[in-house]
Structure formats: structure tokens, C-alpha cells
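I have placed the structure first, in the form of C-alpha cells, so that the comments after it can refer back to it.
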Amino acid sequence: MKRILTSECSSKVGEVVQISGWLFNLRTLGKIAFLLLRDRGGIIQVVLEDPELIKQIKSVQNGSILEVTGKVKSAPNTQLKVEIENPQIKIENPVLEPFTIDLTKSDINAELDVVLDYRPITLRHPKSRAIFKIQAGIVQYYREFLTQKGFTEFFGPNIISASSEGGAELFTVNYFDNKAMLSQSAQLYKQMMVGVHERVFALMKCFRAEKSATRRHLTEATQFELEMGFITDHNDIMDILEETIKFITEKISLNYKAELELLGITLPSAEKQFPRVTFKEALQIYFERTGVDERAEIDLSPNAEKELCLYAKEQFGVDYIFVEKFLRVKTAFYAKPNEVDPLVTNYFDLLCRECEIVSGGQRINSYTELVDSLKLKGLNPNDFEDYLSIFKYGMPSHGGFGMGLERLTMMMLGLSNIREATLFPSDLKRIAAKSINQIK
Ligand code: 4AD
Ligand code: MG
């Protein structure tokens with residue numbers, strides 16, 4: 001008999017079917033036992049009445065791989081509206097060691113550190129599975145939307161020879177006898193790709209040697225990268241970003257209802273227009289609302305970001321807000337200075353719920369201006385030869401953004417820590433979820 005999915009059983013009432021999956025849980029109730037079997041389609045209930053079979057299955061640990069053959073019966077009160085009765089069960093691969101964390105409870109009752117210590121298994125918890133199902137959906141709809149809009153996906157390098165974002169947040173790699181770096185973003189390459197396809201996007205790993213042990217920083221993150229040519233200014237980039245987020249939100253709320261319900265989540269509201277305020281206005285709003293005066297600061301503090309999100313929600317009924325025109329001293333060398341006020345750049349951040357999820361803006365597209373800007377930031381133009389060549393050989397006005405996939409997932413799903421939205425997080429204490437102390 002051919003295996004079918006648990007989710008396909010509802011169309012087979014009265015028929016004998018074969019399903020395979022993980023033993024999720026077993027409950028006994030007097031002389032009957034209820035076995036829950038999980039596969040990619042869902043969790044189905046299998047009713048056991050044979051005392052011999054119950055005895056045998058009782059000794060099998062959760063997680064064991066089972067093959068169940070039985071008759072499908074209607075059961076309106078169960079998740080899949082059907083159950084399996086009169087089963088024959090083959091133990092394909094038994095679990096011999098019981099797992100220390102109970103995955104059958106509605107939440108894993110353990111500290112995040114413990115959850116990460118056992119990451120390959122705790123990822124199987126239904127809530128964790130729901131998070132990463134939705135994350136895959138976010139990626140799918142990002143691709144779908146931008147492809148529709150005439151963007152071409154590209155795959156940039158991760159081992160590079162020059163930093164794109166400046167600063168000391170770089171991991172170096174021993175590359176044969178040379179020093180290489182892990183890319184902090186696909187910035188330089190996506191700009192190069194504008195010369196090739198005009199509109200491009202990518203989903204790229206980025207590596208940041210940031211010594212920040214916060215709820216929202218990773219050392220290895222994933223960025224949605226986008227870059228497009230022939231723009232008027234950064235408003236065109238904010239427009240496409242806003243449309244992308246609206247599209248993703250709508251699709252997720254429509255197609256991931258079960259996961260959202262399981263997680264008990266309302267997505268951030270994105271229907272109304274996202275407000276756009278300048279960096280200067282943002283600090284003024286923060287001051288007026290809280291009395292905290294950061295108007296002389298050169299960047300937004302986490303508290304200011306949080307307050308601006310509250311402001312957007314209260315005043316505009318939306319969970320997103322753009323802050324634009326950051327100070328030139330605080331933005332990357334490639335950010336285009338504003339024509340009216342050259343002390344600020346045509347650069348923006350998008351905040352959601354409580355923090356930044358995207359940075360982007362218009363780029364400088366004049367060769368000489370770019371060389372001057374590199375020097376102004378203390379960078380050596382000789383290190384950027386390939387990148388600079390594109391500006392000698394034809395570059396339109398252009399701009400783009402970088403949006404953190406894990407940051408977006410965290411904020412969309414209201415998670416309290418970015419690591420919950422990262423399969424195998426690396427940070428100051430862990431490499432791919434594994435504690436550095438445990439790595440020998
Ligand atoms: O703000 P960032 O550093 O901007 C860039 O990388 C630019 N090249 C973008 C551009 O097109 N101009 O990073 C962009 C986004 C952040 O807003 C955040 O969502 C995510 O990438 N990100 C991180 N996520 C988790 N941990 C980290 N350490 C992150 N660093 C950036
Ligand atoms: Mg940023």
C-alpha cells in the first residue's frame with residue numbers, strides 16, 4: 001500500500017489507508033488508547049482497542065517512527081476531522097532514549113538557553129514548526145511579489161575581500177595564505193547587479209562580528225536584499241518596500257491561519273499608509289511624548305524606536321513607521337546626501353512594533369562623489385576597485401534596502417527574542433545554536 005498524508009485522510013472516510021510519521025503522544029483512557037501521529041500534513045488520532053497492541057505501543061517512546069495501516073473514520077472533534085481505527089502498527093525506527101523536554105505540552109516549559117541547547121529536537125515543537133513555516137511563507141511571498149514587479153533574483157558571494165559597511169564588525173577568514181572576510185551584506189554586489197538587470201533582489205546570509213548580546217542581534221543573519229535603478233529618490237524605495245510588506249502580510253494572514261492561531265498571534269497592522277518622518281522630527285516626537293531629550297543625538301536609541309512605533313500605532317493605526325534623512329556622519333559611505341540639506345542623506349530605516357527591521361536608501365551614483373565619500377569615511381578607494389568600476393561604465397540613479405529575515409519574523413510574530421525566529425542561531429555564546437563552551 002502507498003503512504004498517504006494525514007491531511008489526505010479526510011477524503012478517504014471508510015477506506016483503509018497507510019500513513020507514516022512520528023509518534024507525537026499516546027494517552028490511555030481505560031481500555032482504549034489514543035495515539036497521535038505527526039507527519040507534514042498534521043497530527044492524526046489513531047484509536048487503539050486491542051490490549052496486546054496497547055501494551056506494545058505503551059513501551060514505545062515519543063518520536064519513534066511508525067507506519068500505521070487502518071480504517072479512516074469521521075471524527076468532527078479532532079484536528080483533521082477524521083481518525084484511524086482498527087490499526088496495524090509497524091515500528092519503523094524506535095526511539096530508545098526518552099527526550100528530556102516534553103514536546104507535547106502547548107509550550108516548551110524551559111528557558112530559551114535550554115531550548116537552544118537541544119535545538120535539533122526542540123524545533124519539532126508545534127509552535128516552533130509554525131514559526132518556521134510562516135518564515136518560509138514570508139520568503140516565498142517576498143520572491144513572488146518582487147518577481148512580479150520585474151526584479152531578478154541573484155546570488156552574491158559571502159567570502160569577500162573588502163568590507164561593504166565599514167566599521168570593525170567583520171569576521172575574517174584564513175583564506176589559503178590571504179585574509180578574506182565574511183560579507184556583512186550584499187551591498188556592493190547588489191549595486192553591481194543593477195548595472196546588469198536594473199532591478200534585483202537576493203536572500204543572503206550576512207555576518208556581523210557585533211559584540212552586542214541583545215534580544216535582536218545575531219552574528220549570522222539573513223537579509224532580504226533589494227536594489228533598483230532609475231529612481232527619483234529614496235521615496236521610490238520606501239514605496240516598493242511598503243508594498244512588499246503589505247503583500248507579505250496579506251498572504252500570510254490568508255494562507256497561514258492555522259499557524260497564526262496556534263501561536264495566538266495578530267500580525268502587525270499594515271493596511272494603512274506607513275507614516276514617514278525625518279530623523280529630526282523623530283527625535284522631536286520622542287521628546288514631546290516622553291520628555292526625554294535626545295535631540296542632539298546622532299542616532300535613534302532603542303527607547304526612541306519603541307516610542308515612535310507607539311506613535312505610529314496611535315496616530316496612524318499602523319505598526320510600521322519610516323524614519324528618513326539620517327545624519328551623513330551616521331550613514332554608510334554609499335548613502336546619497338540630500339540635495340537640499342547635504343548634512344543628511346536620502347537614507348531611511350523602517351521600524352516595526354519596537355525596532356528597526358530595514359535600512360535602505362538612495363545611493364551615490366557619481367564616481368568622483370563616491371571616491372570622495374570613501375575617503376571621508378576613512379576608507380581606501382583602492383580596496384573598492386571592482387565596485388568603483390561600475391560607476392565609470394554607466395550607473396543610473398539607484399537605491400535599495402536590506403531587511404533582516406529573522407528581525408522581520410520576530411516582529412511580525414511578536415516574539416520576544418530573535419533566536420526564536422532563527423533555526424540555528426549564532427551569537428556571542430553560540431555557533432549554529434551550539435553553546436561555544438560545549439564545542440571541543
Ligand atoms: O541596517 P543594516 O546594517 O543595513 C545594511 O546592511 C545595508 N547594506 C542595507 C542597505 O541596503 N542599505 O542591515 C539591514 C537589516 C537590519 O535592519 C536588520 O533587520 C538586519 O539587516 N540586521 C540584523 N539582524 C540580526 N542581527 C544583526 N546583527 C543584524 N544586522 C543587521
Ligand atoms: Mg540599519
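Among the residues of the range 97-142, those that are of a type in the set (S, T, N, Q) and part of a loop (DSSP other than H, G, I, E, B) comprise 100, 104, 106, 109.
The set of residues in the range 319-338 that are of a type in the set (A, V, I, L, M) and either at pLDDT below 95 or surrounded by 19 or more Cβ atoms within 10 Å (Cβ to Cβ) (or both) comprises 321, 323, 329, 332, 335. Has the range 301-322 got any residue that is away from ligand 1 (no atom under 11 Å from the Cβ) and closer than 19 Å to residue 231 by Cβ? Checked the range 301-322: at least one residue is away from ligand 1 (no atom under 11 Å from the Cβ) and closer than 19 Å to residue 231 by Cβ.
When each of 318, 340, 371 is tested for being touching a Ser or Thr at 6+ places or on another chain (Cβ under 6 Å), away from ligand 2 (no atom under 16 Å from the Cβ) and not aromatic (Phe, Trp, Tyr), the lone residue that passes is 318. Selection within the range 208-230: residues that are touching a Pro at 6+ places or on another chain (Cβ under 8 Å) and more than 9 Å from ligand 1 (Cβ to nearest atom). The member of this set that is nearest to residue 434 (Cα to Cα) is 229.
For the range 167-195, filtered to residues that are farther than 26 Å from residue 366 by Cα and part of a loop (DSSP other than H, G, I, E, B), the residue that is farthest from ligand 1 (Cβ to nearest atom) is 177. One residue alone among 17, 46, 13 is out of contact with any helix residue (DSSP H, G or I) (no Cβ under 7 Å at 6 or more places or on another chain), surrounded by 15 or more Cβ atoms within 10 Å (Cβ to Cβ) and either in contact (Cβ under 8 Å) with a residue 24 or more places away in the chain or not charged (D, E, K, R) (or both), and that residue is 46. Residue under question is residue 410, and the condition is that it be of a type in the set (A, V, I, L, M), within 18 Å of residue 214 (Cβ to Cβ) and not in a strand (DSSP E or B); does it hold? Yes; evaluated as a whole, the condition is true for this residue. For the range 374-388, the candidate set comprises residues that are aliphatic (A, V, I, L, M) and assigned to a helix (DSSP H, G or I); within that set, the residue that is farthest from ligand 2 (Cβ to nearest atom) is 388.
Screening the range 349-365 for residues that are assigned to a strand (DSSP E or B) and more than 9 Å from ligand 1 (Cβ to nearest atom) and picking the one that is nearest to residue 276 (Cα to Cα) gives 351.
Per the listing 383, 349, 341, the residue uniquely surrounded by fewer than 17 Cβ atoms within 10 Å (Cβ to Cβ) and within 32 Å of the chain's Cα centre (by Cα) is 383. Of all the criteria given as (1) modelled with pLDDT of 95 or more; (2) over 22 Å from the mean Cα position of the chain (by Cα); (3) not hydroxyl-bearing (Ser, Thr, Tyr), the one not satisfied by residue 178 is (1).
Please work out if residue 358 is free of Cβ contacts under 8 Å to residues at least 60 places away in the same chain, out of contact with any His (no Cβ under 8 Å at 6 or more places or on another chain), among the hydrophobic types (A, V, I, L, M, F, W, C) and within 16 Å of ligand 2 (Cβ to nearest atom). Here the answer is no, as residue 358 does not meet what is asked.
Can you find even one residue in the range 411-426 that is surrounded by fewer than 18 Cβ atoms within 10 Å (Cβ to Cβ) and farther than 23 Å from residue 136 by Cα? No; the residues of the range 411-426 include none that is surrounded by fewer than 18 Cβ atoms within 10 Å (Cβ to Cβ) and farther than 23 Å from residue 136 by Cα. Considering 204, 238, 228, the condition of being surrounded by 14 or more Cβ atoms within 10 Å (Cβ to Cβ) and touching a Ser or Thr at 6+ places or on another chain (Cβ under 8 Å) is satisfied by 204 alone. In the range 278-298, the residues that are more than 18 Å from residue 329 (Cβ to Cβ) and touching a residue at least 24 places away in the same chain (Cβ under 8 Å) form Cβ pairs under 8 Å with partners that are aromatic (Phe, Trp, Tyr) and surrounded by 11 or more Cβ atoms within 10 Å (Cβ to Cβ), at six or more places apart or across chains, as follows: 285/311. Taking every residue in the range 363-380 that is assigned by TED's automatic domain parsing to the domain that holds residue 333 and pairing it with any residue that is charged (D, E, K, R), at least 6 positions away or on another chain, the pairs with Cβ-Cβ distances below 8 Å are 363/336; 364/336; 365/336; 367/392.
Which condition from (1) more than 16 Å from ligand 2 (Cβ to nearest atom); (2) over 23 Å from residue 396 (Cβ atoms); (3) surrounded by fewer than 20 Cβ atoms within 10 Å (Cβ to Cβ) is the one that residue 214 breaks? Condition not satisfied by residue 214: (1).
Checked against (1) within 20 Å of residue 7 (Cα to Cα); (2) part of a loop (DSSP other than H, G, I, E, B), residue 37 passes all but condition (2). Applying the set (1) touching a residue at least 12 places away in the same chain (Cβ under 8 Å); (2) away from ligand 2 (no atom under 16 Å from the Cβ) to residue 176 leaves exactly one unmet item: (1).
Applying the condition of being modelled with pLDDT of 95 or more and in contact with an Asp or Glu (Cβ under 6 Å, 6 or more places away or on another chain) to the range 354-397 and asking which residue is farthest from residue 235 (Cα to Cα) yields 356.
The values are calculated or read from the model by the stated rules, or taken from the named source; none is laboratory data. All figures in this text were calculated on a predicted structure; none of them were measured in a lab. Ideal geometry is used to build each Cβ from the backbone, glycine not excepted, and the neighbour counts take in all protein chains shown.
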